[in-house]
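Read through the structure below, which is laid out as structure tokens, and then see the notes.
Readers should treat all values here as calculations from the given coordinates under stated rules, not as data from a laboratory. All values reported here derive from a predicted model rather than from experimental measurement. So basically every Cβ, Gly included, is an ideal-geometry build from the backbone, and we count neighbours across all protein chains shown.
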């Protein structure tokens, strides 16, 4: 007896109304008749539902089997030393050497450098996160076609963007044939569900050439986060960079810190969906990047697949990045593993 696919109604009941939707846009990206759209970050059914089951099967919050996904993406289960950070090949400290990238990048600029070389050597699109024009710190997916467009979108936004809507746009509207995608752990999980397994979406699967994941502990609700900053006297329209470091949030303007606060002060603005996320290091990316475990001005890069390693080494070969080992001590690998483990334990506690 065949089992009926779960459809958008199930997604509404089991994910959206429960507050666990991450707003990644995977459901909208795979709907074959474009009946799903995101409104203020929330999926809405705007047309008929043909009950294909693609939206539910692609949602990272609608059940996620790590053991199965490890085998589908990497071809093997994770080893004992990979339990908290995911399957890996090698871990490096990486820093961009390009002045234009270093001027605008977050931390070591590894992501921008890797994407720039990806586009230089045959990639025709990179889905990154930029900002809406005439809005204040409202993230949006951008399909970048060159280094300039990549660098313009450099920097962490800390509030969500529907990255998978950008992936669909890259493939269906821009007709890109070889793309890289940058995303947070939940977005990379959605992208992985979209491109592997029984319900894989053919065009996106064929075009996807590189998944670049970002380390992420949590993100903030845009409206309440901006409202909080304004209540603290911050002119957010003049802030050109946010940074989280050493347990504090920093807002910067032209390289100068204009506001700082302990993360505990902004805890209430964390999105509810983040409470159930156990993935800190973007475990299903080809290459994962973050700013912990390495010195200031460097990025920690976890290489997980051969294509991730190839992308990093290509950037090194042409002189876009420099690479060195990550230290094994408490301030290096120990810190990375501790934070990854803390996120998993926090999620387990929330589920109890």
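Based on Cα contacts under 8 Å between residues 6+ apart, region 78-210 shows a relative contact order of 20 percent. In percent, what relative contact order does region 232-275 have, based on Cα pairs under 8 Å that are 6 or more apart in sequence? For region 232-275, the relative contact order is 25 percent. Which residues in region 270-309 place their backbone N less than 19 Å from a point set 7 Å from the Cα of residue 240 along the Cα-to-Cβ direction? Of the residues in region 270-309, 297 have backbone N under 19 Å from the label point off residue 240.
Just checking the listed ones, 307, 76, 271: in the Gaussian network model of the chain with Cα springs under 10 Å, the one fluctuating most is 76.
Considering only 29, 93, 200, give the residue with the highest GNM mean-square fluctuation for the chain, with springs between Cα atoms whenever their separation is below 10 Å. Result: 200 has the largest fluctuation of those listed. On the beta carbon distance between residue 18 and residue 307, with R0 = 45 Å, the FRET formula returns roughly 0.80.
Summed over all non-identical Cα pairs, the Kirkwood treatment of the chain gives a radius of 20.5 Å. Based on Cα contacts under 8 Å between residues 6+ apart, the chain shows a relative contact order of 21 percent. Could you state the number of Å between the C-alpha centres of region 265-333 and region 50-99? That distance is 13 Å. If you take the alpha carbon atoms of region 222-268 and fit the smallest convex hull around them, that volume is 70 Å³ per residue. The GNM of the chain, with springs linking C-alpha atoms under 10 angstrom apart, assigns the highest mean-square fluctuation among 231, 169, 192 to 231. Per-residue ellipticity at 222 nm from helix content only, as computed over the chain with -39500 (n - 2.57) for each DSSP H run of at least four residues, stands at -8500 deg cm²/dmol.
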